[in-house]
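What follows draws every value from the coordinates through simple rules; no lab data is involved. Worth saying up front: this structure is predicted, and the values here are computed from it rather than measured. Cβ placement follows ideal geometry from the backbone for every residue including glycine, while neighbour counts extend to all protein chains displayed.
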Amino acid sequence: MPLTRATEQSLPATSLKRKLRLRELVIQAVLFLCGLFSIFVTVGIIYELGKESMLFFGRTQWERTNKPIVAAISANDVQFDVSNIGATASPGEVIRLDDELLMLTAVEGSTYFVERGFRDSVAVPHAAETIIYRGVNPSVWEFLTGTSWAPHAGQFGVLPLLNATLMVSGIAILVALPLGLAAAIYLSEYASPKARNTLKPILEVLAGVPTVVYGYFALTFMTPFLRSIFGQDTVQIYNTASAGIVIGILILPLVSTISEDALNAVPRSLREAAYGLGATRLETAVRIVLPAAFSGIAAAVIIAISRAIGETMVVALAAGAGPAFTFNPFQAAETMTGHIVRISGGDLSYDSLDYNSIFAIGLMLFVMTLALNIFSQYIVRRFREVYE
């Protein structure tokens, strides 16, 4: 029945304005705070790493020489005898006795000639057996290009640690990429629903195994296995090859799961079109589905590399415990994460040379993983396929 004017005027006015719902506002606020918290944590990590790294590069670090003075000296003495043990400083270097800084002007045998109260420090008496500290100034250029890492000896080249890290990560991705991609293709293109529901959880169990277990697996199984193949004289007990292979097994579920998701996202119509043209299942998977899912697979590989670079326990147990600039995967070499674990587990004093060096290495690790993630985002945007 048509509405009359009187009936229309009696109906309540309908508001088209959006009504505020308290529940939705609370959920939106909680999600916003979660995102803000994530950003805050990331900024905090960058701040702490940057601040402590500036302490490493931006000021003089003090290296313990283990060389004490023989006899007590007064505040006016400009020469004193030192013990024969420990590292010897050179003329022109700044040394420290307790809180006083001294400029070493000459060295004659076991006698040091110094300028007292250097850099506005106060010249004070010092007791016998006071340990001499030598001042060192690490530079960013030496840090990035040096081939020897021994901060306690004034050598600050991070290349041995970086080289071992890249070797282990490279071996790991050589193991994880073909195996993980093959597993993803099988689960996506060949496996029946029942087989997929059975095999996929079993594969993903590998991601839940504690990394310390992988470390002992590398040390007690993979290393003896490699030594039985290549010989005990060729493969050392600690080596980057066994660590890299086991890390490859560790990141295999990451590659397979993300790659399978990318393969499943390819429309079914592309597969059916390939089958209609006479392509086999393998040809369809390799020539049609894989190229269409390239951006997702590339992202999976880059994320897996980041995971391999940041792995700690496996390399700490199986790769080696000393920096070595070598390209031989069967020799021991210490990675950046392994080095951080080793020296931070000792008796490190705050603001010491070794303590500050940890943050410089950590900052480099952060920059490496950040660069990989930025590159991953570029790959996804550059090669993403959009289907309608």
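Some points to look at:
- If the segment from Val122 to Phe37 were pulled out straight at 0.36 nm per residue, it would be longer than the present Cα-Cα gap by 25.9 nm.
- Taken over the alpha carbons of segment 279-388 as equal point scatterers, the Debye sum produces base-10 log I(q)/I(0) values at 0.23 Å⁻¹ of -1.21.
- Using θ = phi - 60° and Karplus 6.51 cos²θ - 1.76 cosθ + 1.60, couplings along segment 56-66 (whole Hz; Gly, Pro as x): 6, 8, x, 8, 5, 9, 10, 9, 6, 8, 6
- Distance (nanometres) between label positions extended 7 Å along Cα→Cβ at Glu204 and Asn264: 0.8 nm
- Taking 7 Å steps out from each Cα toward its Cβ at Thr147 and Ala29 produces label points 6.2 nm apart.
- Inter-site label distance for Glu129 and Tyr378 at 7 Å from Cα along Cβ, in nm: 6.0 nm
- Hull volume in cubic angstrom per residue (convex hull over the Cα atoms of the chain): 270 Å³
- Amide H contacts for Ile132 (H built 1.01 Å from N in the peptide plane; partners 5 or more residues away or on another chain; cut-off under 5 Å): Thr65, Asn66, Lys67, Ile69.
- Overall Cα dimensions of segment 159-383 - principal axes, largest extent first, Å: 68, 41, 29
- For segment 210-309, taking the reciprocal of the average inverse distance between every pair of different Cα atoms yields a Kirkwood hydrodynamic radius of 16.0 Å.
- Projected-area average for segment 61-136 over all orientations - Cα convex hull basis, square nanometres: 4.1 nm²
- Near the amide H of Gln155, within less than 5 Å, lie the amide hydrogens of Ala150, all on another chain or at least 5 residues away, with H placed in the peptide plane.
- Relative contact order, whole percent, for the chain stands at 17, derived from Cα pairs under 8 Å and 6 or more residues apart.
- Listed residues Pro201, Ile288, Phe375: farthest to the positive end of the dipole of the chain (Cβ charges): Ile288
- MRE, 222 nm, helices only [DSSP H, n ≥ 4, -39500 (n - 2.57), over the chain, to nearest 500]: -17000 deg cm²/dmol
- Packing, as the average of other Cβ atoms within 10 Å across residues, places the peptides 316-322, 288-294, 269-275 in the order 316-322, 288-294, 269-275, highest first.
- Farthest toward the positive end of the dipole of segment 257-324, out of Ala308, Ile297, Ala318, is the Cα of Ile297, where the dipole comes from beta carbon charges about the Cα centre.
- About its Cα centre, the dipole of the chain is roughly 2300 debye, where the only charges are +1 on Lys and Arg Cβ and -1 on Asp and Glu Cβ.
- Positive-pole candidate from Val114, Val41, Phe56, dipole of the chain, charges at beta carbon: Val41
- Each peptide in 164-172, 191-199 receives the mean, over its residues, of other Cβ atoms within 10 Å, and ordering these scores from highest gives 164-172, 191-199.
- Counting only Cα atoms, segment 12-115 measures 104, 25, 22 Å along its principal axes, largest extent leading.
- Distance from the Cα centroid of segment 60-128 to that of segment 175-212 is 64 Å (rounded to whole angstrom).
- Residues of segment 106-122 with an amide N closer than 11 Å to a point placed 7 Å from the Cα of Val70 along the Cα-to-Cβ direction: 109-112.
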